[in-house]
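Q: Just dropping this structure here.
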Amino acid sequence: MSDSRQPTPTYRVALVIQYLGTNFHGWQRQKAHRTVQEEIETAIASVLGHHVTLHGAGRTDAGVHAAAQVAHFNATGHIPGHKWATVLNSYLPPDILIRASAGVNESWHARFSAVYRRYRYTIYTEALPNLFVSPFSWHYYYAPLEEELMQAALSPLVGKHHLAAFHRAGSARSHSWVEIQAVECGRQGSLVHIEIQANGFLYGMVRLLVGMLVQVGSKQKSLEDFTNIWQTEDREKVKYAAPPQGLCLLRVGYSDFPFSREIWYETQPYLVFGHRTDDRSLKTDKGKNNE
């Protein structure tokens, strides 16, 4: 007798995810460490009754936050795609939030369909510490920072470059080519915000880059030194990485994205200290987005 049982049909669900990275050992599942991927996969398994793999758009490091990380998984059953956010949030801890969910075509992929990722790094420059700022910024008060110098250092990086100087050891990636689409550095009161948008990022790239930018902004290194180091790929001269808590995966862009702009585009609020302002010193994204 032939087996008449049919394979269980699956459908693909996309998620927009926020998380506070403070108590996570990064995005990617690891043995003996708490990770974002594992928490969400466990929540999905609690609903479906079996394990599924969650595919993220990028792998954030330990302590790094995300305002709009994107991921997808293949589900079985009858829960509509747009209902998964509500369902999963009832299982997840308070430092992870599924902002929205949607059904997507099976050819859509959180990582491979992305056209850009954008990170924001926040530096707090007041001499006095502030408990409400410290979980989301680098408290740098040792010397004044000139954001104009930092912007001048960043600008030549736009384009496709081999950035081995900002590539941490331990990466499985075989090359260091990155296409940087936009860079911005601006000050709002006591806070300096740095934003970098690229098609993809090297392991540890943003934190190493910010560590050197601070040396430029505090005049420990000249613009010429900074440019020469990355152009000659002199990794030995890049010694300091900025701490993780100031870094946030701001958003991921797609040419075909099922979510409205307010769900994913600008979901990390700007911290503003030192004076009141309604003006933004940072420009909007360049390159593809879903406007």
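Q: Taking chymotrypsin sites (Phe, Trp or Tyr not before Pro) as exposed when DSSP calls them loop (any state but H, G, I, E, B) and at most 12 other Cβ atoms lie within 10 Å, what is the longest stretch of the chain free of them, the sites themselves excluded?
A: 1-111
Q: Using the heavy atoms of the protein chains alone and a 1.4 angstrom probe, what is the accessible area of the chain per residue in square angstrom?
A: The answer is 49 Å² per residue.
Q: What do you get for trypsin sites (Lys or Arg not before Pro) in the range 181-245 restricted to DSSP loop and a cutoff of at most 15 other Cβ within 10 Å of the site's Cβ?
A: Listed in order of number, the matching sites are Lys219, Lys239.
Q: Oh, and also: May I ask you to work out the translational diffusion coefficient for the range 115-254 at 37 °C, viscosity 0.692 mPa s, via Stokes-Einstein with Rh from the Kirkwood sum over Cα pairs, reported in whole µm²/s?
A: Estimated diffusion coefficient is 216 µm²/s.
Q: Among 210-218, 48-56, what's the highest-first ranking by average C-beta atoms within 10 angstrom per residue?
A: In descending order of packing, they fall as 210-218, 48-56.
Q: What is the mean projected area of the alpha carbon convex hull for the range 2-90, to one decimal in square nanometres?
A: With every direction weighted equally, the projected area is 6.9 nm².
Q: Could you tell me which trypsin sites (Lys or Arg not before Pro) in the range 1-75 are loop residues by DSSP with no more than 10 other beta carbons within 10 angstrom of their beta carbon?
A: Arg5, Lys31
Q: Next question. Rounded to the nearest 5, what % of DSSP beta bridges with both residues in the chain are antiparallel?
A: That works out to approximately 90 percent antiparallel.
Q: Carbon-plus-sulfur fraction of the accessible area of the chain, 1.4 Å probe, in percent?
A: Summing carbon and sulfur atoms, their accessible area is 51 percent of the total for the chain.
Q: Let me test this: with uniform point scatterers at the alpha carbons of the chain, what is the Debye-based log₁₀ I(q)/I(0) at q = 0.08 1/Å?
A: -0.37
Q: While we're looking at this one, here's another question. Just name one of Pro9, Phe112, His25: the one whose Cα is farthest towards the positive end of the charge dipole of the chain (beta-carbon charges, Lys/Arg +1, Asp/Glu -1).
A: Farthest towards the positive end: Pro9.
Q: Where does the Debye-calculated log10 I(q)/I(0) of the range 60-188 sit at q = 0.13, 0.14, 0.17 Å⁻¹, using only Cα point scatterers of equal weight, no solvent?
A: -0.87, -0.97, -1.19
The values are calculated or read from the model by the stated rules, or taken from the named source; none is laboratory data. Just so it is clear, the model here is predicted, and its values are computed rather than measured. Every residue, glycine as well, gets a Cβ built from its backbone with ideal geometry; the counts of neighbours run over all protein chains shown. Each accessible area value is taken on the protein alone, full model and side chains, heavy atoms only, with ligands, DNA and RNA left out. Shrake-Rupley method; radii C 1.70, N 1.55, O 1.52, S 1.80 Å.
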